[in-house]
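The values are calculated or read from the model by the stated rules, or taken from the named source; none is laboratory data. Just so it is clear, the model here is predicted, and its values are computed rather than measured. Heads up, the Cβs are rebuilt from the backbone with ideal geometry, glycines too, and the neighbour counts pull from every protein chain shown.
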Amino acid sequence: MVQMIKINRASAGSWPLRRRQLLAFTRLCGGRRITREELCRLAGLTLEDLEQPGSSLLYACVRTERGTQTAGLCLTLGYGEDTCLVVVRPLYRDAGLGTRLVTAQLQQLGKLSCRVPYDHIPCLKICLHAGLTATRIIQTPGGKASLVFQGTSTALNGSDAGDDRDKEDWLCLNLS
């Protein structure tokens, strides 16, 4: 069973340690796809940054015989326009965890945008499976072409959806 945890103000006491752990996880499991800019953004991330509109950090944990282990994370700043970072531990990459993280972000924020390099097939699949649509092609400062994916959530159209979103800190998902 995977538990998804949202970082919020209640996490303030443990935030510095949790941020270091998530940064180490990102370096370990992000491969060569995570840019220096994204690592610096995560390293300097504050709880105040996460309180801004369109900003959220979700991470998924699994319990193993060695204790709790981070299985994946999804950082979104500015509804994904500023940052949309998804990292999944290799062991869980074919289990749909990345899609579940992005879908949870989309449902929580109401709208989401992600820039994905055209040759990063796993991330393209995550965006498509999460219901995002490719809206345009851009060229990154490094000269590489990327697709911009965007989507909106219909789950937030219910009258009490906002209340549930504010109260819910834990989201339990089963990988099977």
task: Could you tell me which of the residues ARG100, ARG136 is assigned to a strand (DSSP E or B), out of contact with any Gly (no Cβ under 8 Å at 6 or more places or on another chain) and of a type in the set (D, E, K, R)?
output: ARG136
- prompt: List, please: which pairs have Cβ atoms under 6 Å, are six or more places apart or on different chains, and start with a residue in region 11-38 that is under 16 Å from CYS61 (Cα atoms) and end with one that is crowded, with 16+ Cβ neighbours inside 10 Å and of a type in the set (D, E, K, R)?
  reply: CYS29/ARG89
- prompt: Does LEU106 fit the bill of being under 20 Å from ASN8 (Cβ atoms), part of a strand (DSSP E or B), of a type outside the set (S, T, N, Q) and in contact with a Ser or Thr (Cβ under 8 Å, 6 or more places away or on another chain)?
  reply: no
field: region 1-40 - residue that is among the small types (Gly, Ala, Ser) and modelled with pLDDT under 80 and, of those, surrounded by the fewest Cβ atoms within 10 Å (Cβ to Cβ)
entry: GLY13
Counted residues, region 46-77 - those being over 22 Å from ARG100 (Cβ atoms) and surrounded by 15 or more Cβ atoms within 10 Å (Cβ to Cβ): 2
query: How many residues does region 115-133 contain that are in a strand (DSSP E or B) and either of a type in the set (D, E, K, R) or closer than 18 Å to LEU77 by Cα (or both)?
result: 2
